[in-house]
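All remarks here apply to the structure that follows.
The values are calculated or read from the model by the stated rules, or taken from the named source; none is laboratory data. What you see is a predicted model, and the numbers here were worked out from it, not measured in a lab. All Cβ positions, even for glycine, are placed from backbone atoms using ideal geometry, and neighbour counts span all protein chains on display.
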Amino acid sequence: MRKFKLGVMVYLNDNIKEEFAKVKDFGIETCQLGCWNLDLLTEYYAELVNEAKEEIGIEITAFWCGWPGPRVWNFYEGQLTLGLIPETYRYARMEALIKGGKFAKLINVSHIITHAGFIPENPFDPNYQGVVTALRHVAKSYHDDNQYLLFETGQETPITLKRLIMDINLPNLGINLDPANLLMYGKANPVDALDIFGEYVKGVHAKDGEYPTDPRYLGKEKPLGEGRVNFPNLLKKLDTLGYQGSLTIEREISGPEQMRDIKLAIKYLDEIMESL
């Protein structure tokens with residue numbers, strides 16, 4: 001029996017039943033469901049999801065909610081386009097996250113994940129308080145439906161993310177730990193990060209990567225076991241912290257190579273869990 005459930009990232013589309021079937025074919029039974037196309041967040045697609053997950057036998061552990069507008073995953077344009085940090089897009093993205101929460105309720109999912117963006121490390125940054133207010137509004141909208149807002153790690157240092165959670169000051173906040181992101185954005189060693197915010201971790205991406213070396217671009221994502229994430233120590237510490245959620249494999253490429261790497265990741269994680 002696995003110490004942690006294993007899952008994989010799946011994205012909402014018209015063929016969601018086929019996507020869930022692929023998950024089951026891997027020999028795992030959970031997934032995080034992601035969506036960047038907000039036009040799909042309707043009752044019709046919720047019914048498709050509910051019928052498919054029931055028929056295939058898949059547990060959706062979290063809904064990863066994207067937002068409208070541009071997004072550039074680097075250190076320059078990323079500052080201007082990602083999450084709720086850019087004031088230009090903040091209101092529309094706040095509304096998108098609220099819409100995502102309503103969709104998650106329709107599919108009986110209690111955890112909604114997103115990237116907040118490059119959260120200012122300086123709490124006196126004039127942009128910081130507006131972000132806190134907007135995210136508090138989103139979290140309050142989730143609270144009435146017994147849902148959690150989870151922040152995916154990466155674009156901020158661990159202590160900055162912990163500060164944000166404490167400043168929002170609501171009980172339904174948490175973290176989706178992406179250990180590779182912490183490395184790829186050059187923000188922290190993920191094993192050490194758990195000493196800072198481990199109590200808030202309610203979801204985990206099993207992803208690997210390298211530190212950045214070019215000041216403009218993120219570090220490279222790698223297949224599990226080929227990057228700098230120390231998964232044996234990471235899983236051991238998650239176990240010590242009492243984490244009981246899934247490890248959701250995320251390999252951000254496509255095609256046969258992605259399928260191969262997911263299968264290898266499952267084998268790699270199973271081998272580590274045997275020693276826990």
Has the stretch 153-161 got any residue that is within 28 Å of Tyr89 (Cα to Cα) and in contact with a strand residue (DSSP E or B) (Cβ under 7 Å, 6 or more places away or on another chain)? yes
Taking the stretch 101-133, which residues are under 15 Å from Glu156 (Cα atoms), out of contact with any Asp or Glu (no Cβ under 8 Å at 6 or more places or on another chain) and loosely packed, with under 15 Cβ neighbours inside 10 Å? Asn122, Asp125
Name the single residue, out of those in the stretch 241-276 being of a type in the set (Asp, Glu) and over 18 Å from the mean Cα position of the chain (by Cα), that is surrounded by the most Cβ atoms within 10 Å (Cβ to Cβ). Asp261
Regarding Glu59, is this residue farther than 26 Å from Glu95 by Cβ and in contact with a Ser or Thr (Cβ under 7 Å, 6 or more places away or on another chain)? yes
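Please specify each residue of the stretch 134-147 satisfying the condition of being surrounded by 14 or more Cβ atoms within 10 Å (Cβ to Cβ) and either out of contact with any helix residue (DSSP H, G or I) (no Cβ under 7 Å at 6 or more places or on another chain) or of a type in the set (Val, Ile, Thr) (or both).
Val138, Lys140, His143
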With criteria (1) farther than 20 Å from Ala206 by Cβ; (2) among the aliphatic types (A, V, I, L, M); (3) buried (at least 16 other Cβ atoms within 10 Å of the Cβ), Leu80 comes up short on (3)
Lys17 - would you say it is charged (D, E, K, R) and free of Cβ contacts under 8 Å to residues at least 40 places away in the same chain? yes
Among Lys207, Lys220, the single one that is over 18 Å from Leu247 (Cβ atoms) and either of a type outside the set (A, V, I, L, M, F, W, C) or surrounded by fewer than 24 Cβ atoms within 10 Å (Cβ to Cβ) (or both) is Lys220
Among the candidates Ile28, Ile98, Ile56, Ile85, which residue alone is at pLDDT 95 or above, buried (at least 16 other Cβ atoms within 10 Å of the Cβ) and under 17 Å from the mean Cα position of the chain (by Cα)? Ile98
Contact list, first residue from the stretch 169-191 and farther than 23 Å from Phe63 by Cα and modelled with pLDDT under 95, second anywhere and among the small types (Gly, Ala, Ser) and buried (at least 24 other Cβ atoms within 10 Å of the Cβ), beta-carbon distance below 7 Å, six or more apart or interchain, is none
